[in-house]
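The block underneath contains the structure these notes are about, expressed in structure tokens.
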Amino acid sequence: MFNNLCSCSGRELGVSYISFVAVAGAMGDSLVVRMAGRRIGMDVAGGELAYISHAHSDHTQALGGPAPIFCSDITADILGIGKAEEKEESGQEKIENPLLPKADSPVPLLPAVKEKIPRRSRKSHSVSSIEPPAKWQQARIPIPEGIELHSAGHILGSTQLVGMSEQYGRVAYTGDFKLRDGLTLKGAPIISCDTLFAECTYGDPAVAFPPPENVLEDMERWARQNREAIQLWGGYSTGKAQELVKFINEYLGETPIVGGKAAEVCAAYRRAGVNLQWLAPDSAEAQEAMRGAFLSVMPPHQLSPLLAGRLAAVHRRKVLSAFATGWALVRQLPVHAAFPLSDHADFGELLQYAKESGAKRVILAHGDNEKTAAALRAAGVNAQAIESLEPQQMILKIGE
Ligand SMILES: [Zn+2]
């Protein structure tokens, strides 16, 4: 689905060379690409142009700024880039939790979210008719000449950026990535390159994610064993929530209740061709489901003993919470069950990418960079933390 990404041209930009500049500062590790004298923020604000590798908020600092943006079609759809700004408030951010009744409501099963769903579709979980979100008026430009975008395998629409450098050869910048297949997208292809800029969120050699199929089997077993209970599945609204909806659809044969931003992103996935089934909290089907042991996918920050207690009191049924995240391998989480289903590469995948790409040099960002670099060096990879680069090492002239 990313084949079209490489066909765009940016001749109008007058590209003559590209420079990669590492900036270590208040924003943390970040990259700025210099192209024909123009600065391109790589998932950061501050450039004259902005590249957004994917729709997670820690990569979208440039939203709302003056810089035109380039990214994949799906990322633009999820983020609402290039659309007229909406005047109307959706109200979703003001609702604490869509599964709970309002404080003054006598109705125990009350959907509370005002969704942007046409009335005709509210009887059904088919919401493919939802219009794309419209949030940002920023211009979106074609992918500049000399740059290719390939899937990063992280969330739908995520990309890695590739360009040729006179000084560093072929350069790949991964953004967030993973090589493993997910339920809604394939893992990233390994791009052969000479210099690799890679994220290392889970770059600790002690962290090794189990095969996804094993994690999904564990999730299915737990879900079926506790099917008499209301189940609240926590996952970040963009990416993980859609993996959870797909899991619930395909492994459990059920349809979860999903509201707010996660439902909007589910709709974007559907527009991109990923078949997801969910119920809007204020639909008649959701109300019916809430009379029994329903399942819901929600942001992890909403998972709390307080919410579980309130829901249990309202629905007079046991309530269990589960969280799908790579952090399940790293720390204790305050939920009934935690599963290490991650959208990031672990150390093994990073090592695999470094070796199979043929990169002569690997530069690490977005993690414990020096620790990961040392571990890669021990494995025979010429790796360094991005903050160790000298300014004169950072110029990657392309096309001169
Ligand atoms: Zn991400």
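Throughout, read-outs are computed from the coordinates displayed, never taken from laboratory work. Keep in mind that what you see is a predicted model, and the values were worked out from it rather than measured. Neighbour counts run over all protein chains shown; Cβ positions are idealised from the backbone, glycine included.
Need the full-extension length gain, E370 to L252, defined as separation in residues times 0.36 nm minus the C-alpha distance. One decimal, nm.
38.3 nm
Evaluate the Kirkwood expression for the hydrodynamic radius of the stretch 246-370, namely the inverse of the mean inverse distance over all pairs of different C-alpha atoms, and round to one decimal in Å.
17.5
If we restrict to alpha carbons, what Rg and Dmax does the stretch 222-271 come to, in Å?
Cα radius of gyration and Dmax of the stretch 222-271 are 11.1, 34 Å respectively.
Which loop GluC sites (Glu not before Pro) in the stretch 180-235, with loop taken from DSSP, have no more than 15 other Cβ atoms within 10 angstrom of their Cβ?
E228
Would you kindly calculate the mean projected area, averaged across all directions, of the convex hull enclosing the Cα atoms of the stretch 264-311, in square nanometres?
4.3
In vacuum, with every alpha carbon of the stretch 127-256 counted as one equal point scatterer, what does the Debye formula give for log10 I(q)/I(0) at q = 0.12, 0.21 Å⁻¹? Two decimals, please.
Results for the stretch 127-256 at q = 0.12, 0.21 Å⁻¹ read -0.66, -1.30.
Mind listing the long-range amide H neighbours of F339? Cut-off is under 5 Å, sequence gap 5 or more, other chains count too, H placed in the peptide plane at 1.01 Å from N.
Answer set, sorted by chain and number: F323, A324, T325.
Along the stretch 49-65, what does the Karplus equation 6.51 cos²θ - 1.76 cosθ + 1.60 (θ = phi - 60°) give for ³J(HN,Hα), rounded to whole Hz, x for Gly and Pro?
Result, rounded to whole Hz: 10, 9, 9, 10, 6, 6, 8, 6, 5, 7, 10, 10, 4, 6, 4, x, x.
Output wanted: per-residue J couplings in Hz (rounded whole) for the stretch 145-156, from phi through Karplus 6.51 cos²θ - 1.76 cosθ + 1.60, θ = phi - 60°, x for Gly and Pro.
So the J values, rounded to whole Hz, are 4, x, 10, 10, 10, 10, 4, 9, x, 8, 9, 4.
Mind checking the stretch 248-308 for trypsin sites (Lys or Arg not before Pro) that DSSP puts in a loop (not H, G, I, E or B) and that have at most 15 other Cβ atoms within 10 Å?
Passing sites in the stretch 248-308 are R291.
At 25 °C and a viscosity of 0.890 mPa s, what translational diffusion coefficient does Stokes-Einstein give for the stretch 317-383, taking Rh as the Kirkwood radius over Cα pairs? Give it in µm²/s as a whole number.
176
Each residue of the stretch 345-353 in turn: what ³J(HN,Hα) in whole Hz from Karplus with 6.51, -1.76, 1.60 and θ = phi - 60°, glycine and Pro shown as x?
Along the stretch 345-353, the couplings run 6, 9, 4, x, 5, 4, 5, 4, 4 Hz.
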